[in-house]
1. State whether one or more residues within segment 127-140 are hydrophobic (A, V, I, L, M, F, W, C), in contact with a Lys or Arg (Cβ under 6 Å, 6 or more places away or on another chain) and not in a loop (DSSP other than H, G, I, E, B).
2. Look at segment 79-117 and say how many of its residues are at pLDDT below 95 and more than 17 Å from the chain's Cα centre (by Cα).
3. Please find, within segment 141-171, the residue that is least open to solvent (accessible area, probe 1.4 Å) out of those that are in a strand (DSSP E or B) and of a type outside the set (A, V, I, L, M).
4. Of the residues that sit in segment 89-122 and are touching a residue at least 12 places away in the same chain (Cβ under 8 Å) and part of a helix (DSSP H, G or I), which one is least open to solvent (accessible area, probe 1.4 Å)?
5. (1) surrounded by fewer than 18 Cβ atoms within 10 Å (Cβ to Cβ); (2) modelled with pLDDT of 95 or more; (3) in contact with a Gly (Cβ under 7 Å, 6 or more places away or on another chain); (4) not hydrophobic (A, V, I, L, M, F, W, C): which one isn't true of residue 129, the others all being true?
6. So which strands (runs of 3 or more DSSP E) are wholly in segment 10-88 and hold at least 1 residues that are buried (at least 21 other Cβ atoms within 10 Å of the Cβ) and in contact (Cβ under 8 Å) with a residue 60 or more places away in the chain?
7. Read through the list (1) in contact with an Asp or Glu (Cβ under 6 Å, 6 or more places away or on another chain); (2) farther than 15 Å from residue 47 by Cα, then give the number of the only condition that residue 99 fails.
Amino acid sequence: MWKYRGQERPPFAEKPGRGQESVWDYPRPPAILVDQRRIEVRLEDLVIADSSQNYRILETASPPTFYIPPHSVRVQLLEPCPGNSLCEWKGVADYWTLKHRSSLLQSIGWSYPSPNPPFEAIAGYFSFYPAVVECFVDGERVRPQPGEFYGGWVTNEIVGPFKGAPGTGQW
């Protein structure tokens, strides 16, 4: 299905500027990298996670997702959401929402309890939807990846276009 797998940037891809990355240079299957920048996740004044010991997963055509270790997440604020999904690379994901937030019934994030190789390092780590909660990378407010399902983190360091936007289904 995928014509582009990170070996060659397609002609429609934006050209990265100085200090930027193109999501079209990211590999398929994805890469997992240690990332020590400060990651913060909040909902208004409620801090949900704060860490500098993270993983960043890079996959062709998608903004990166950041995975935060459970010891840096206020897990007592979370409760499981019904359902799960299957990533062809990482395996089965579980979903999480905030406890005691009757106005917020949707999932705010996900985790992989037993990810497939080579993603075992993110077992139990959390990632969050920047369309639902406020996510920051070294103080920069993250913008959500287009589309209803995806959880990529769009920052000034990356260029697209990104999977999930209208018309991207034929990639």
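1. Step one: list which residues in segment 127-140 are hydrophobic (A, V, I, L, M, F, W, C), which gives 128, 131-133, 135-137.
Of the ones still in play, those that are also in contact with a Lys or Arg (Cβ under 6 Å, 6 or more places away or on another chain) are 137.
From what is left, the residues that are not in a loop (DSSP other than H, G, I, E, B) are 137.
Yes, some residue in segment 127-140 is hydrophobic (A, V, I, L, M, F, W, C), in contact with a Lys or Arg (Cβ under 6 Å, 6 or more places away or on another chain) and not in a loop (DSSP other than H, G, I, E, B).
2. 13
3. Step one: of segment 141-171, the residues in a strand (DSSP E or B) are 141, 143-144, 153-154, 158-159.
Right, trim to of a type outside the set (A, V, I, L, M) and you get 141, 143-144, 153.
On the way: 141: 120, 143: 96, 144: 62, 153: 2 Å².
Going through the qualifying residues, I end up with 153.
4. Per the stated criteria, the residue is 122.
5. (1)
6. Working: elements: 31-35, 39-43, 46-51, 54-59, 62-67, 78-87.
Passing ranges, in order: 39-43, 46-51, 54-59, 62-67.
7. Result: residue 99 fails condition (2) only.
The values are calculated or read from the model by the stated rules, or taken from the named source; none is laboratory data. These figures come from a predicted structure and were not determined experimentally. When we count neighbours, we look across all protein chains shown, and the Cβ atoms used for this are built from the backbone with ideal geometry, even at glycine. SASA here: full protein model, heavy atoms, side chains in, ligands and nucleic acids out. Shrake-Rupley method; radii C 1.70, N 1.55, O 1.52, S 1.80 Å.
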